[in-house]
Every structure is written in C-alpha cells, then in structure tokens.
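Accompanying notes for the structure given below.
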C-alpha cells in the first residue's frame, strides 16, 4: 500500500524533475549540433579539391579550419564528450561567446568542457538525495522510475529547441537552451524545499526490506508506514556524513556501480552520437536526425516507469534489470541492421530506448536510493547523496572512456563494429 502524498511531495517531485530536464536539454544541445560544428571546423569540399570559386565571401570569412578533415573533427568531438563526462552551466559560453568573438582554439574548448562537466556533476546526487528525503521505499520503483524520465524529457526538449533554431547557426542552439535553463534555475532556487524539516515538520519513512513479499499474512502490517507530523520536541542530532570508502564498500554499491559504468557508456553513446549517426549513415538532414532521435528517449521514459512499477510489484529490482538487458542485446542487433526508413528506425529506436534507457534510469535513481537507505546507514541523508554520487560518478567514468572509443572505432572500423561494442558492454 502506497503512503499518502502531500502538496509538498508534488512540489519537490516537479521542481527536481524540472531542474534536471533543463540541465539535460542544454547538455543535449552538443549532440544535436555535431554535424554543424564538424562542418564549421573543417575545410569545405571545394577547398579540399583546390577550388574556392563557388564559395561566397561570407562562407570564406566564416571558415574556421581547426582540423584537416571530417575524421579528425569527429575524433575531437568524441574527446570532448569524454572530457565532459570525466569532469562531469557554462554551456552557453561554449556555443555563443566563441562564435561571436570569432575565437577558435582546441585547448579553450577543452577548458570550457572541463568547467561544464564539473559544475553539472553536482546536480544528480543532489536531486536524488532530495527525492529520497521526501519519498520512502514504498512505491519507490514507480515514483523514481517516473521521475527519472527527467533526463529523457530534457533530451527531447533540447532536441526540439536546438532543431528549431539550428538554421540560424549552431551557436543559437546553445543560447536558447541556456536562457531557458537560467529561468528555470531561478524558479527552483526560490521554490524547492530540500527536506520536510524546512517547513518545521519531520517525516517517518520506514524503509522495509526490498525482499519482503507485497502481501503479508500478518494483518498487523497493514498500518501506514509513512506520515508527516508537526515537530513537538527537539530534533535528534544530525548523523555524521558517511566516508567515501565506507559508502563504496556497502553491499551492492560496487556491483551496481560497475554495471552502471557499462550501461551508461551505451546510453550516453546514444545520447551524444545518435543524431550524428543518423545524419551520416542515412544521409538525413540534421534537423530530421535531431527529431527522430527523440524516440530513443521516449522509449527510455516508458521503460523506466514500467520497469520500476514491475520491480515494485515483484519486490525485487535485479531480475527486471537482467531480463531487460538480455533483450537489449537483441534490440541492438536489430537496430544495427535498420533500413533507411524513418518509421522503422523510430520504432527500433523506441524499443532500444525502452530496454537500455529503462534500466539505466532505474540504477541511477531507484536503486541508488535503495543502496543509500540501507539499515546500516540508519537513514542518513548524507549517505544517500554520497552513494548516489559514487554510482553516478563510476558510471560517468565508464561513459567517458567510451565516448572517445566510439569515435575511434567508428573512424577505423565503421559503425557496425560500434554496435558490436555496445552489445558487449550491455552483456
């Protein structure tokens, strides 16, 4: 039986959801404009053939040749993805300032992406910890499964915002998403309550064992497990923050962190490279590729919610993840042989997103919250943020190394070998 939720629960859910939607929409912009950026950074086909007679004065003036050909530019874009994830929002500075100042430098882009990654790395552990403060384990799979769709919704929003202004120049894609993100940040700053304690209330959350059956023979267990009451006595002393090594050695943290490293590598490869792959492999326009790529995120939204609900009904997370990832291997094989048809491609993308994005959302949200609320931690909120940071950080390290490998494998062996690499990581 799910506990009763209040207006404050809804507000915490919506504002944390909004904050990560806007963050991911700005993050998605980079993958949506890769074709335009690589074209901007490399000589045109006319110049490579030794002819400039067909170029307009504006095109000649705006050429910024950081790399000799498209292959080198693609490798550098992969390196930027890795730099971002290694340091994991100054997103608007990358796209807008350098274009307006006509300043192009490889090391400057690397520096900006390091700062970008460092600033964004703090967000996910914080919002998961806030959600853990408001929502107990009862129904957590469904609630967190639905809430973790924020990343996919942000990807969809970012894709549509970027594609709507891409015709004016890729720098405007960064500018638009950044303005929207700034406005949302103001709303979150003034409206978000991080804990029931901020309104003078305390919360009883009994995190029962995830292995406990959904229906018990003991009728005494039908009592409410979740309530909010007015504080009528002095608060208990705050628990000390858990150490990093202590959190890392908690049961389940290491295996789930390693599994998430492999899974996030695949998930973020789709995130960073899917529009580029669709445009280059099928010859579709960049705007078409951007909008078609949202079907992967649609599948991830449905997958995270449905699989979270199933895990609640079963009382177990691991079997749901294992079955989904086994099916994901087949989905990757099928998508790698997708025909040049947008309808079929979109359907295969949604299926792949359901089977890969769903488990990724579950591990990064519901399972991280489960790990951070174990009995050994005595419901320490500090431990929840630490454990979430370990799981997400380990995943980001795996994803970081993978992004450069994707560009390297693609340039040397082709896209089919990239999909074989994904299948190995998922398995």
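We did not get these values from a lab; they are worked out from the coordinates using the rules stated. These numbers come from a predicted model, not from an experiment. Here the Cβ positions follow ideal geometry from the backbone for every residue, glycine too, while neighbour counts run over all protein chains shown.
Placing a pseudo-label 7 Å from each Cα along the Cα-to-Cβ vector at residue 186 and residue 14 gives an inter-label distance of 1.9 nm. Per-peptide packing, taken as the mean over residues of other Cβ atoms within 10 Å, places 6-15, 303-312, 122-131 in the sequence 303-312, 122-131, 6-15 from highest down. For the listed peptides 402-408, 419-425, 360-366, a ranking on the average number of other beta carbons within 10 Å per residue, highest first, reads 360-366, 402-408, 419-425.
Return the FRET efficiency for the residue pair residue 413, residue 245: r is the Cβ-Cβ distance, R0 is 41 Å, and the value is rounded to the nearest 0.05. E between residue 413 and residue 245, to the nearest 0.05, is 0.55. Gain on full extension, evaluated as 0.36 nm per residue between residue 322 and residue 424 minus their Cα-Cα distance, stands at 35.3 nm. Among 330-343, 107-120, the peptide with the highest mean count of other Cβ atoms within 10 Å heads the list, and the full ranking is 107-120, 330-343. Full extension of the chain segment joining residue 347 with residue 199 gains 48.7 nm, where the gain is 0.36 nm per residue of separation less the Cα-Cα distance. Taken along the Cα-to-beta-carbon direction at a fixed 7 Å, the label points for residue 333 and residue 164 span 4.2 nm.
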